[in-house]
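Please read the structure below before turning to the comments.
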Amino acid sequence: MKIIRIILCLFIVAFFCGAASAQKSFVKDADNSYSEAKFFEAIELYKKAYSKEKNKAVKAEILFQLGECYFNTVDPKQAEKWYQKAIKAKFPDPIAVLRLAEVYKAMGNYPQAIVEFNNYKALNPSDKRGEDGVVSSEMAQKWIDEPTRYVVLPETQLNSKQYEFSPTYADKKNNTLIFTSTREGSAGKTIDVTLGESFSDIYETKRDKNGKWSTPAPIGGEVNSVANEGAACVDSKGRTMFFTRCGVEKNKDMPCKIYTAVKKGNAWTEITLLELSPDSITVGHPAITKDGNSLFFTASHMEGGFGGRDIWMSTYEKKAKVWTTPVNLGSSINTEKDEMFPFIHENGTLYFSSTGHMGMGGLDIFKAEKTGEKWGKVENLKYPINSAGDDYGIVFEGTKDRGFLTSNRDGSMGGDDIFSFVLPPLIFVLQGTITDVETKKPINQATIKLIGSDGTSAEVTTDASGTYIFGDKGNDRYIKSNTTYELTVSAKDYLNAKGKETTVGVTESTTFIKDFALQTTKKKEIAFPEVLYDLAKFTLRPESHDSLDFLYQTLIDNPTIVIELNSHTDSRGGQKPNQILSENRAKSCVTYLVSKGIAADRMLAKGYGKDQLLISDAEIAKLKSNEEKEAAHQKNRRTRFKVIRSDYVPVGGFPEEKTTSETPKETKDEAVEEEIEEDEE
């Protein structure tokens, strides 16, 4: 049996079961036990009633009620068995098929759950629970296949074979944790017939410097009693506790109420009932805001609610020293089913558990935001915060992405258990290798400068293998979430290279690989994307602009270099015309780059005519087709550059370095055309 079902039943005033119309007293006795949430007792009575009953219709009802008992004790295997028997016995209400679907869903058998939800849809198409069940089961399977980054683990230091639930922090430093447990040693010495366990009490544990929790012990003072206590919270000062107490009077369960206690020394005393509801209404699961001015809680079937158990809020009037009339959080939060166990994060986000919003099975944990005076944007926390079982009672450790929750998922020790959760930090690493673009050899002692959009900067150098890495930085890391980085790579006798990497939108830990191949400046002629000219012309073709833009960026990335920009013709034509043509082609390139903003004194235009052919006439003559020969001539008509100095400083010095690169403004060809007259052969 799982305690969340009992908690739900403690919030019930009365329940009428379908088999109650039978005349036999043992059936009536079973119904009475069921209505009082004494499920184990009801199971035995229903089995006895079944063995005595002759009427097939009544027997089918009894089989269904046995399924209900096991469903409420969260024994899905047995519930599955008895629901199937009820369906086979022709129990007339399609609810048995719906329950069977819900059992499969609670076991995490989503494919079979979808089958049964569809069967229920066919039997009762007007009930949206069938379609909702299909959608939520498909959604749950997807969440399992694509889990969030949270890590959820059972807190074995705190759990026992009994029930532990609703943990909450109880001191300013979040090193004291209180929670509810039915373990042996409770103040109530007898067994709660509803729970089948000891009466629940509030326990305390403390965390030492090594992060280990002490052996839990009952809190000191007057909070724990012969009744059931639990689902507590403590104000931010650690002085006032709000807790739930479900009383027992003359062997009869009384409505749960919220009480306060004041801490004096190590004891909680001065127990006071909070008047939040009529005497007949059950309330519990308090959650206090950090400022202590608003109290959220669960109320069952209170006037103004939406059906089941709703979340309400009361504010504290400091002058009058009273809590105001509670206000329902509205239909965005509350449904016709159950919303329970609220928690208010320090950032104002509401966390709660619900069976009414679409989830994975049982109670799921949700969060919601407040806009103005209304709550909305309800969001399921998905797997693994949620599971096919019941998940509730979440609490965060201050503003950190970690805390505790309660669950009866696989991995619990017996009953409902406390699980810790943490969102591991995203780990980003940026690394790569720097090599010579031509020799492919690694470059030692190359410098890689990193500038982040968050204003951070760092530098590392390569080792003998040409490798660099931006990894951890003591207790910090170089690469952060939601940040874009610009990299500049430099090395002696090499042109600089630049790159960019970003973690914006990256939701998984990632190692980014960014390799760079650098061009040596010692080379006599450095190639760049081909600058094309028509035969016997020096006017730049439109497609040549992209080539020169590449050279422009090289000059921007290497602000201290001065280059010779040289141009060559093919072998056709006379020496003098080709010399003039090549000089004008080089000047065309320089003029274009000047129009883009490059200083003229950083470039020397040089024409070599047809003196430095890449492919000789003899080699061209051996080519078979005219197309191949023309292509060879085109290669000879080339423009290249070489670095002639690396110590350039502009008049007035360099401007201050910016963290983000700027895209150069585009210019038109008219600037080139105005400065150079075309000189054709």
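Hey, does the stretch 320-328 have a residue that's touching a residue at least 40 places away in the same chain (Cβ under 8 Å) and either of a type in the set (Gly, Ala, Ser) or on the phi > 0 side of the Ramachandran plot (or both)? Give the derivation first.
Applying the first criterion (touching a residue at least 40 places away in the same chain (Cβ under 8 Å)) to the stretch 320-328 yields 323, 326.
Applying the additional criterion that residues be either of a type in the set (Gly, Ala, Ser) or on the phi > 0 side of the Ramachandran plot (or both) yields none.
No, the stretch 320-328 contains no residue that is touching a residue at least 40 places away in the same chain (Cβ under 8 Å) and either of a type in the set (Gly, Ala, Ser) or on the phi > 0 side of the Ramachandran plot (or both).
How many residues, within the stretch 306-325, are closer than 13 Å to THR355 by Cα and surrounded by fewer than 17 Cβ atoms within 10 Å (Cβ to Cβ)?
Result for the stretch 306-325: 1.
For ASN72, work out the one condition from (1) more than 12 Å from ARG99 (Cα to Cα); (2) in contact (Cβ under 8 Å) with a residue 60 or more places away in the chain it doesn't fulfil.
Failing condition for ASN72: (1).
Determine whether LEU604 is assigned to a helix (DSSP H, G or I) and not hydroxyl-bearing (Ser, Thr, Tyr). Please lay out each step first, then the result.
Numbers: assigned to a helix (DSSP H, G or I): no; not hydroxyl-bearing (Ser, Thr, Tyr): yes.
No, not satisfied.
Evaluate the following for ALA527: is it surrounded by 15 or more Cβ atoms within 10 Å (Cβ to Cβ) and either without any contact (Cβ under 8 Å) to a residue 40 or more places away in the chain or among the aliphatic types (A, V, I, L, M) (or both)? If you could, list the steps in order and put the result at the bottom.
Working: surrounded by 15 or more Cβ atoms within 10 Å (Cβ to Cβ): no; either without any contact (Cβ under 8 Å) to a residue 40 or more places away in the chain or among the aliphatic types (A, V, I, L, M) (or both): yes.
For ALA527, the condition - surrounded by 15 or more Cβ atoms within 10 Å (Cβ to Cβ) and either without any contact (Cβ under 8 Å) to a residue 40 or more places away in the chain or among the aliphatic types (A, V, I, L, M) (or both) - is not met.
Quick test for you: out of LYS2, LYS90, LYS38, pick the one residue that is basic (Lys, Arg), out of contact with any strand residue (DSSP E or B) (no Cβ under 6 Å at 6 or more places or on another chain) and modelled with pLDDT of 90 or more.
Values: LYS2 fails: modelled with pLDDT of 90 or more; LYS38 fails: modelled with pLDDT of 90 or more.
Just one listed residue meets the conditions, LYS90.
Of the residues that sit in the stretch 46-102 and are more than 20 Å from LEU123 (Cα to Cα) and among the aromatic types (Phe, Trp, Tyr), which one is surrounded by the most Cβ atoms within 10 Å (Cβ to Cβ)?
For the stretch 46-102, the residue satisfying everything is TYR46.
Taking only the stretch 283-301 into account, find how many residues are modelled with pLDDT of 95 or more and assigned to a loop (DSSP other than H, G, I, E, B).
We begin by selecting, within the stretch 283-301, every residue modelled with pLDDT of 95 or more; these are 283-299.
Next, from what is left, pick out any that are assigned to a loop (DSSP other than H, G, I, E, B): 289-293.
Matching residues across the stretch 283-301 total 5.
Residues that are within 30 Å of ALA37 (Cβ to Cβ) and not small (Gly, Ala, Ser): which strands (runs of 3 or more DSSP E) entirely in the stretch 112-219 hold 3 or more of them? Give the derivation first.
Values: elements: 151-154, 164-169, 176-181, 201-206.
So the answer is 164-169, 176-181, 201-206.
To keep it simple, each residue is scored yes or no on (1) assigned to a loop (DSSP other than H, G, I, E, B); (2) modelled with pLDDT of 95 or more; (3) over 23 Å from LYS523 (Cβ atoms).
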| site | (1), (2), (3) |
| --- | --- |
| LYS537 | yes, no, yes |
| PHE550 | no, no, no |
| GLN579 | no, no, yes |
| ALA586 | no, no, no |
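Of all residues in the stretch 120-161 being of a type in the set (D, E, K, R) and within 28 Å of THR182 (Cα to Cα), which is surrounded by the fewest Cβ atoms within 10 Å (Cβ to Cβ)? Quick ask: steps written out before the conclusion?
Taking the stretch 120-161 and keeping what is of a type in the set (D, E, K, R), we get 121, 127-129, 131-132, 138, 142, 145-146, 149, 155, 161.
So of that shortlist, the ones also within 28 Å of THR182 (Cα to Cα) come out as 155, 161.
Numbers: GLU155: 20, LYS161: 12.
Of everything passing the filter in the stretch 120-161, LYS161 is surrounded by the fewest Cβ atoms within 10 Å (Cβ to Cβ).
Any residue at all in the stretch 513-520 that's out of contact with any Lys or Arg (no Cβ under 8 Å at 6 or more places or on another chain), in a strand (DSSP E or B), surrounded by fewer than 14 Cβ atoms within 10 Å (Cβ to Cβ) and touching a residue at least 40 places away in the same chain (Cβ under 8 Å)?
Checked against the condition, which is being out of contact with any Lys or Arg (no Cβ under 8 Å at 6 or more places or on another chain), in a strand (DSSP E or B), surrounded by fewer than 14 Cβ atoms within 10 Å (Cβ to Cβ) and touching a residue at least 40 places away in the same chain (Cβ under 8 Å), the stretch 513-520 yields at least one hit.
Filter the stretch 556-577 for residues that are among the polar types (S, T, N, Q), over 60 Å from the mean Cα position of the chain (by Cα) and part of a loop (DSSP other than H, G, I, E, B); which is farthest from SER490 (Cα to Cα)?
Pass one, the stretch 556-577, residues among the polar types (S, T, N, Q): 558, 560, 566-567, 569, 571, 575.
From the residues that got through so far, the ones that are over 60 Å from the mean Cα position of the chain (by Cα) too are 569, 571, 575.
Checking the rest, the ones that are also part of a loop (DSSP other than H, G, I, E, B) come to 569, 571.
Details: THR569: 34, SER571: 39 Å.
Among those residues, the one meeting the criterion is SER571.
Residue under question is TYR351, and the condition is that it be more than 24 Å from PHE242 (Cβ to Cβ), crowded, with 17+ Cβ neighbours inside 10 Å and of a type in the set (Phe, Trp, Tyr); does it hold? Before the answer, list the steps.
Values: more than 24 Å from PHE242 (Cβ to Cβ): no; crowded, with 17+ Cβ neighbours inside 10 Å: yes; of a type in the set (Phe, Trp, Tyr): yes.
Criteria not met by TYR351.
I'd like the full set of residues that are within 15 Å of LEU426 (Cβ to Cβ), of a type in the set (A, V, I, L, M, F, W, C) and part of a strand (DSSP E or B), limited to the stretch 457-501.
If the condition is that a residue be within 15 Å of LEU426 (Cβ to Cβ), of a type in the set (A, V, I, L, M, F, W, C) and part of a strand (DSSP E or B), then PHE470 is the only one that fits.
Out of SER214, SER160, SER236, SER166, I need the residue that is free of Cβ contacts under 8 Å to residues at least 60 places away in the same chain and of a type outside the set (Val, Ile, Thr). Which one?
Details: SER160 fails: free of Cβ contacts under 8 Å to residues at least 60 places away in the same chain; SER236 fails: free of Cβ contacts under 8 Å to residues at least 60 places away in the same chain; SER166 fails: free of Cβ contacts under 8 Å to residues at least 60 places away in the same chain.
Unique residue meeting the criteria: SER214.
Based on what the data block shows, is ASN334 part of a loop (DSSP other than H, G, I, E, B) and in contact with a strand residue (DSSP E or B) (Cβ under 6 Å, 6 or more places away or on another chain)? Before you say what the answer is, go through the steps one by one.
On the way: part of a loop (DSSP other than H, G, I, E, B): yes; in contact with a strand residue (DSSP E or B) (Cβ under 6 Å, 6 or more places away or on another chain): yes.
Here the answer is yes, as ASN334 does meet what is asked.
Sort out which residues of the stretch 22-44 are within 48 Å of the chain's Cα centre (by Cα), surrounded by 18 or more Cβ atoms within 10 Å (Cβ to Cβ) and in a helix (DSSP H, G or I), and write them in order of number. Reasoning before the result, please.
Step one: filter the stretch 22-44 for residues within 48 Å of the chain's Cα centre (by Cα), giving 30-44.
From what's left, surrounded by 18 or more Cβ atoms within 10 Å (Cβ to Cβ): 30-31, 33-34, 36-39, 41-43.
Residues satisfying the conditions are ALA30, ASP31, SER33, TYR34, PHE39, GLU41, ALA42, ILE43.
Determine, yes or no, whether GLU44 is over 30 Å from TYR383 (Cβ atoms) and touching a residue at least 40 places away in the same chain (Cβ under 8 Å). Step through it out loud before you land on a result.
Working: over 30 Å from TYR383 (Cβ atoms): yes; touching a residue at least 40 places away in the same chain (Cβ under 8 Å): no.
In short, no.
Could you list, in sequence order, all residues of the stretch 349-365 that are under 21 Å from the mean Cα position of the chain (by Cα) and either outside the structural domain of PHE242 (by TED's automatic domain parsing) or in contact (Cβ under 8 Å) with a residue 40 or more places away in the chain (or both)?
So the first thing to find is which residues in the stretch 349-365 are under 21 Å from the mean Cα position of the chain (by Cα), and the list is 349-354, 357-361, 363-365.
LEU350, TYR351, PHE352, SER353, MET358, GLY359, MET360, GLY361, LEU363, ILE365 - these are the residues of the stretch 349-365 that are under 21 Å from the mean Cα position of the chain (by Cα) and either outside the structural domain of PHE242 (by TED's automatic domain parsing) or in contact (Cβ under 8 Å) with a residue 40 or more places away in the chain (or both).
Tell me which residues, restricted to the stretch 422-456, are in a loop (DSSP other than H, G, I, E, B) and among the small types (Gly, Ala, Ser).
Narrowing the stretch 422-456 to residues in a loop (DSSP other than H, G, I, E, B): 423-427, 437-441, 443-446, 453-456.
Once the filter is applied, which keeps residues that are in a loop (DSSP other than H, G, I, E, B) and among the small types (Gly, Ala, Ser), the stretch 422-456 yields ALA446, SER453, GLY455.
What tally of residues in the stretch 543-598 results from selecting those that are touching a residue at least 60 places away in the same chain (Cβ under 8 Å), charged (D, E, K, R), surrounded by 17 or more Cβ atoms within 10 Å (Cβ to Cβ) and closer than 22 Å to GLN612 by Cβ?
Qualifying residue count for the region: 3.
Looking at ASN224, ASN251, ASN266, ASN228 in this structure, which one is more than 37 Å from the chain's Cα centre (by Cα), modelled with pLDDT under 95 and at negative phi?
Numbers: ASN224 fails: modelled with pLDDT under 95; ASN251 fails: at negative phi; ASN228 fails: more than 37 Å from the chain's Cα centre (by Cα).
Among ASN224, ASN251, ASN266, ASN228, only ASN266 is more than 37 Å from the chain's Cα centre (by Cα), modelled with pLDDT under 95 and at negative phi.
Could you check the stretch 83-102 and list, in sequence order, the residues that are in a helix (DSSP H, G or I) and over 42 Å from the mean Cα position of the chain (by Cα)? So that I can check it myself, show each step before the final result.
So in the stretch 83-102, the residues in a helix (DSSP H, G or I) come out as 83-88, 95-102.
Passing the criteria: LYS85, ALA86, LYS88.
Among the residues of the stretch 368-420, how many are assigned to a loop (DSSP other than H, G, I, E, B), of a type in the set (A, V, I, L, M, F, W, C) and within 28 Å of LYS172 (Cβ to Cβ)? First the steps, then the outcome.
Narrowing the stretch 368-420 to residues assigned to a loop (DSSP other than H, G, I, E, B): 372-373, 381-390, 397-401, 408-416.
Then drop every residue that is not of a type in the set (A, V, I, L, M, F, W, C), which leaves 381, 385, 388, 413.
Those left that are additionally within 28 Å of LYS172 (Cβ to Cβ): 381, 385.
Qualifying residue count, the stretch 368-420: 2.
Filter the stretch 202-221 down to the residues that are over 35 Å from the mean Cα position of the chain (by Cα) and not aliphatic (A, V, I, L, M) and list them by number.
Result: PRO218, GLY220, GLY221.
Quick one: how many residues across the stretch 56-71 are modelled with pLDDT under 95 and among the polar types (S, T, N, Q)?
Selection size over the stretch 56-71: 0.
Is there a residue in the stretch 307-329 that is in a loop (DSSP other than H, G, I, E, B) and under 23 Å from the mean Cα position of the chain (by Cα)?
The first filter runs over the stretch 307-329 and keeps only residues in a loop (DSSP other than H, G, I, E, B), leaving 307-308, 318-321, 324-326, 329.
The next check asks that each one be under 23 Å from the mean Cα position of the chain (by Cα); those that pass are none.
No, because not a single residue in the stretch 307-329 is in a loop (DSSP other than H, G, I, E, B) and under 23 Å from the mean Cα position of the chain (by Cα).
Being within 30 Å of the chain's Cα centre (by Cα), surrounded by fewer than 17 Cβ atoms within 10 Å (Cβ to Cβ), on the phi < 0 side of the Ramachandran plot and not hydrophobic (A, V, I, L, M, F, W, C) is the filter here; which residues of the stretch 484-512 pass it? Quick ask: steps written out before the conclusion?
Of the stretch 484-512, the ones within 30 Å of the chain's Cα centre (by Cα) are 484-487, 499-512.
With surrounded by fewer than 17 Cβ atoms within 10 Å (Cβ to Cβ) added as a condition, the list becomes 484, 499-500, 502, 504-512.
Pick out the ones that are also on the phi < 0 side of the Ramachandran plot and you get 484, 499-500, 502, 504, 506-512.
Result: THR484, GLY499, LYS500, THR502, THR507, GLU508, SER509, THR510, THR511.
The values are calculated or read from the model by the stated rules, or taken from the named source; none is laboratory data. Values in this document were obtained by computation on a predicted structure and should not be read as measured data. Glycine also receives a Cβ, built like all others from the backbone with ideal geometry; neighbour counts cover every protein chain displayed.
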